[in-house]
Structures are given as structure tokens and as C-alpha cells.
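Working notes, structure below.
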Amino acid sequence: MGAGADWKRVRRLGRYLARDRRRLFVTLALLVPVALAGSIQPLLVGQAISVLRREPSLPWLSGLSVPQAIQTIVGLLLISVLLRLALQGIQSFNIQAVGQRLTARIRDDLFRHALSLSLRFHDSMPVGKLLTRLTNDVDALAEVFGSGAVGVLGDLVSLTVIATTMLLIEWRLGLLLLVTQVPVTWFVLWLQGRYRKANYMVREELSQLNADFQENLQGLEVVQMYRREQVNSSRFARTGAAYRSAVNGTIFFDSSISAFLEWVGLGAVALVLALGGWMVTSGAMGLGTLTTFIIYAQRLFDPLRQLAERFTQIQGGLTAVERIGELMEKPLEIVEASDPQPLNALGAGELIFENVSFSYRADDPILRNLSFRIAPGEHVALVGPTGSGKSTVIRLLCRLYEPQEGRILLDGRNIRSISTADLRRQLGVVLQDTFLFSGNVADNLRLDAEVSDEQLQKICSDLGLDELLRRLPQGLETELRERGGNLSSGERQLLAVARVAIRNPTVLVMDEATAFMDPSTEATLQRDLDRLLQKRTAVVIAHRLATVEASDRILVLKGGELIEQGTHVELRAQGGLYAQLADLQERGLAKL
């Protein structure tokens with residue numbers, strides 16, 4: 001990635017620092033005092049030697065006796081050390097505070113943006129890779145704005161102060177040392193470029209490592225049942241080896257920079273000793289000044305060494321900026337209308353699909369020019385072979401995806417002109433695979449609905465959930481594990497139906513809502529489902545013949561097209577695809 005793109009992304013992310021302007025100003029204002037306090041120490045040590053050897057010293061020391069001058073120099077050294085420690089402490093605290101605030105703000109925005117992206121994006125992005133961007137990459141980014149960027153400014157100020165001081169004391173030696181830094185800096189920057197590429201590979205391999213780890217933990221039941229532990233462990237070991245290899249690349253370049261600067265620093269000291277020693281013996285310079293330059297030669301490369309280390313942090317941070325920027329720049333496929341109109345909460349529930357076409361991939365159309373109308377209060381079943389587009393119809397209706405062609409109307413209005421919050425408030429969706437969050441049962445039933453404990457208890461009783469709640473240790477306050485792992489599939493389905501009933505939606509959308517229930521539980525719930533369906537439009541993906549027969553109308557899909565529609569009796573009489581599927585299911589050979 002080019003420097004221009006880097007700067008653009010860093011500048012855009014810099015808006016997160018706006019709330020910490022005061023802290024940043026204090027931190028930046030302290031850079032010069034800290035640098036001066038550090039650069040004055042070699043000068044004072046050199047002056048002490050000059051005083052002891054009766055060499056020319058600074059004017060304000062020349063009028064003092066040797067003991068007084070030494071006492072003054074020692075006092076100034078102590079003050080400079082204490083002052084520098086205090087200022088560095090304030091700096092460090094402010095930098096860390098800003099970095100933590102920055103991390104929290106970016107992570108919050110990144111999380112919200114990830115939740116706003118359509119399912120099309122999440123279908124292609126493994127959860128582990130997304131987690132890496134939300135955790136490791138954000139932490140690396142905080143270092144860029146924290147210790148990295150501010151530290152670089154501090155090192156540059158220190159270099160400037162030291163260089164200026166050296167040129168004022170002895171311009172020949174000072175110029176010599178500064179000239180040697182030009183090729184050194186160029187070589188370090190070249191190594192940093194190589195480090196940047198290696199660090200990007202580290203981030204990618206870490207993402208894959210987390211993705212593999214997360215996938216195996218989520219599918220642990222299948223892994224153990226099919227004895228895949230050894231095979232999956234071998235695959236994970238290969239991913240770990242690739243990550244280790246990538247990390248070794250960054251270690252090589254990082255250690256190369258450190259070793260190179262260490263040798264260059266030693267060479268600079270040797271050069272000062274050789275040239276400065278000759279100047280001392282020839283009387284062109286005092287021993288105190290030579291001592292000052294020896295210390296400066298060491299300190300001159302300290303900021304450069306720290307710069308290299310900080311640039312390593314910054315390169316890792318810029319890699320994080322690139323990866324986070326890629327995620328933040330992902331366009332939102334589900335975009336709100338510029339002036340969404342509120343949807344009537346008491347809408348009739350009419351649904352119309354007009355020439356809707358959709359594909360997950362350009363070369364694989366799922367729905368082809370699909371058109372149908374569902375009247376208010378009508379119960380319609382969607383049936384068809386696997387891959388015919390039944391679930392896609394539900395996803396498009398809920399605006400989890402957008403159709404490439406055609407439009408979908410709810411009560412005469414294009415759903416794109418309705419805010420997603422209003423649209424989804426009118427849709428009650430019960431999927432075959434119910435997702436429950438960690439937390440208690442009551443919170444999972446409420447979600448965003450404002451329902452009192454008494455109302456919640458009454459709704460659960462009306463839906464026949466009393467027996468289930470009695471089985472739970474603390475009823476509605478029972479804590480659920482991740483994804484509701486301490487409940488059976490049927491119990492999770494019961495809670496999903498109750499969750500919909502609480503919201504009193506206009507349109508019910510159900511993907512075989514009773515699929516995981518035993519006959520007794522299903523019979524208990526069926527009466528309450530019938531009450532829930534009264535006077536409401538219902539779209540049901542059904543696989544059981546009994547559910548299909550009870551529908552007002554059946555839509556038969558095949559290859560994303562509507563090929564048959566009518567009642568159960570009418571479609572059986574036609575002898576088409578539906579009749580074939582119904583016959584097979586009656587014989588226990590297929591699902592609808």
C-alpha cells in the first residue's frame with residue numbers, strides 16, 4: 001500500500017483523537033523540555049571535566065572556584081534527572097490514556113460497522129478473521145497514535161536538540177557525526193519497508209489461526225463424534241507453522257535493525273575517539289569537550305535506535321490501519337432511504353414480490369423473475385426442493401440481502417423506502433436454527449422490546465411455556481450458556497416463538513418453527529401458534545405435509561422460479577411437482 005493511502009487512512013482515523021486534544025497538547029508541549037533535560041546532561045559532565053582540568057568552560061562557571069563549580073554542576077545534573085523523570089512520567093501517562101480511549105472508540109465503531117454489514121459480507125468473512133481485526137489490529141493501531149507516533153516526535157526533537165548542541169560546541173565533529181546518519185537512516189528505512197510486508201503476512205496468518213481455532217470450537221461436537229481430532233489438529237498445526245514462519249520473518253528484520261544500529265553506534269564512538277583524541281593532543285579541543293561528544297555520540301544513536309523500534313511499532317500499526325481501513329471502507333449494502341417514512345403499526349400485512357431476481361454469485365442465480373402476491377391475513381406455505389430459493393425469499397423480505405432486480409412491497413410500499421427498524425418490527429421471524437444469547441431467559445425473550453416481568457410471565461403462560469419454565473432452575477431468570485447450550489433444540493424453539501409473540505408483528509415468517517419439537521411439545525404449542533396466526537399474514541417454509549395442508553395457499557418453487565401455486569387439493573389434482581413431493585413424503589421418502 002502506498003504512503004498516500006497510509007496517510008489518508010491515518011488522517012481519517014485521527015478524528016478519534018479529537019476528544020483528547022488537551023491531553024495531546026500537554027504531551028506535545030512536554031517534548032522540548034524533556035529533550036532539553038536529556039541533552040544538557042552530557043554537556044554538564046563535559047563541563048565538570050573541563051573545570052577539573054582547568055580547561056575553558058562556560059562563562060557562568062569560569063568565575064567560580066573548582067569546588068563551587070563542581071557542586072553547581074552536580075546540583076544541575078540532579079535537577080535535570082529529576083525533572084526529566086517527572087516530565088516523562090506525565091507524558092507516559094497521557095500517552096497511555098489517549099491510546100486506551102482511542103482503542104475503545106475505534107473498536108466500538110468497528111463493531112457497529114461489522115453488525116451493519118450485510119450477510120453477503122459475513123458469508124465470506126470467517127468469524128475468527130473478523131475477531132482478529134477487532135482485537136489484535138485495534139491494539140496495534142493504538143500504539144501508532146500512542147507511544148509510536150508521539151515517541152517518534154520525541155525522538156526527532158531529541159535528535160534536533162542534540163545535533164544543534166553538538167554543532168554549537170564543535171561544529172566539525174558534530175557535522176561528521178550527522179553526515180554518518182544519512183546512509184544509516186536510508187538503510188533502516190529500507191529494512192522497515194521489508195518489515196512492513198512481513199508484518200502484513202503475520203496479521204493474515206494470525207487471522208487464519210483464529211478462524212481455524214474458532215471453527216473447531218464451534219464444531220466440537222462434530223469433531224468428537226466423527227473422531228476428527230487428529231486430522232483437525234494436523235491442519236491446525238500447519239496453520240500454526242505458517243504463522244510461526246511469518247513471525248520469524250518480522251523477527252529477522254527487527255533484529256537486523258537493532259544489530260545494525262548497535263554496530264553503527266560503536267563505530268561512531270570509535271570515530272569520535274580517533275578524531276577527537278587527535279584534536280585534544282593537538283590542542284584544538286579540550287578533554288571535557290571530547291567527553292561531551294563521546295556521550296553525545298552514544299545518545300545520538302539512542303533516538304535513532306528508538307526511532308527504529310518505534311517505526312517497527314508504526315509499521316505494525318500501519319498494517320493494522322490497512323486491515324481496519326479495508327473493513328471500515330466496506331460499503332453498506334443495506335442502505336436506509338434518505339427520507340424513510342414511518343410504517344403504520346396497524347398495517348394490513350399485504351406482501352408483493354414483483355419480478356425479483358437475486359444471486360449470491362453472479363454466475364449462480366437463486367431467484368429468477370419471481371412474482372407473487374400474499375393478501376392481508378393469508379397464510380402461504382413455500383415448498384420446493386433444496387436450493388429452490390425458499391430461505392432466500394425470507395432473507396430478502398427481511399432485507400438481510402437486496403435483490404439485484406425487482407422490488408418487494410409491504411402494504412403497497414417498497415421495503416427499501418421503509419427504515420429497517422420499522423420493517424423488522426413488523427416482521428416476526430422464527431427460524432429453524434434458533435440463536436440465543438448468553439444471559440437470562442427473560443433478556444432473550446425481550447431483546448429490544450419493553451415488556452414488564454408481569455407481561456412477560458403472562459405471555460409465556462398463554463403460549464404454554466409454564467412447564468418449560470418450571471423445569472428451569474430459576475424460571476425466567478435462569479442464565480443461559482452461549483447459544484443456549486443448556487437447553488434442548490425444542491426448548492430453544494419454544495423461546496423463539498415466544499420472542500416473536502411478544503412483539504405482536506403484522507407478518508409472521510416461519511422456517512419450520514416446530515421442526516425440533518417432540519410430538520407432545522408440538523401439540524401443546526400448535527394451539528397457541530394458531531392463535532398467533534389469526535388475522536396475520538404468514539409465510540411458512542414447511543417440510544411437513546400437515547403444516548402445508550393447513551395453509552390457505554401453497555407456492556411451489558423450483559430453481560428460483562414459481563412453477564405452481566394453489567391449495568393442497570388443487571395442487572394434488574394437477575399432478576405436478578407438488579403432487580410428486582407429497583406422494584414421496586406420505587411414503588416417508590422425502591421432505592416437501
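Here are a few things to note about the model shown:
- Residue in region 241-253 that is β-branched (Val, Ile, Thr), modelled with pLDDT of 80 or more, in contact with a helix residue (DSSP H, G or I) (Cβ under 6 Å, 6 or more places away or on another chain) and farther than 30 Å from GLY174 by Cα present: yes
- Screening LEU468, LEU445, LEU427 for residues that are in contact with a Cys (Cβ under 9 Å, 6 or more places away or on another chain) and at pLDDT below 80 leaves exactly one candidate, LEU468.
- Sole residue being modelled with pLDDT of 80 or more, among the aliphatic types (A, V, I, L, M) and closer than 23 Å to VAL32 by Cα, chosen from VAL144, VAL161, VAL150: VAL161
- Residue ID - surrounded by the most Cβ atoms within 10 Å (Cβ to Cβ), chosen from residues in region 479-490 that are farther than 14 Å from ASP443 by Cα and small (Gly, Ala, Ser): GLY490
- Once region 445-478 is narrowed to residues that are of a type in the set (Ser, Thr, Tyr) and more than 14 Å from LEU494 (Cα to Cα), the residue that is surrounded by the most Cβ atoms within 10 Å (Cβ to Cβ) is THR478.
- Residue count for region 360-412, restricted to those that are in a loop (DSSP other than H, G, I, E, B) and more than 19 Å from VAL429 (Cβ to Cβ): 10.
- Of all the criteria given as (1) surrounded by fewer than 20 Cβ atoms within 10 Å (Cβ to Cβ); (2) at pLDDT 75 or above; (3) under 30 Å from VAL269 (Cβ atoms); (4) not hydroxyl-bearing (Ser, Thr, Tyr), the one not satisfied by LEU173 is (1).
- Entry remark, region 212-225: residues being part of a helix (DSSP H, G or I) and under 15 Å from PRO126 (Cα atoms) number 7 in total.
- Taken over region 226-241, residues that are part of a helix (DSSP H, G or I) and either within 13 Å of ASN210 (Cα to Cα) or basic (Lys, Arg) (or both) amount to 6.
- Looking across region 299-354, the residues that are at pLDDT 75 or above and part of a loop (DSSP other than H, G, I, E, B) come down to GLU329, LYS330, PRO331, LEU332, GLU333, ILE334, VAL335, GLU336, ALA348, GLY349, GLU350.
- Pairs where the first residue, in region 228-256, is farther than 13 Å from GLU204 by Cα and the second is surrounded by 15 or more Cβ atoms within 10 Å (Cβ to Cβ) and of a type in the set (D, E, K, R), C-beta under 6 Å, 6+ apart: PHE236/ASP212; PHE253/ARG194
The values are calculated or read from the model by the stated rules, or taken from the named source; none is laboratory data. Source: prediction; values computed, not measured. We place every Cβ from the backbone using ideal geometry, glycine too, and count neighbours over all the protein chains shown.
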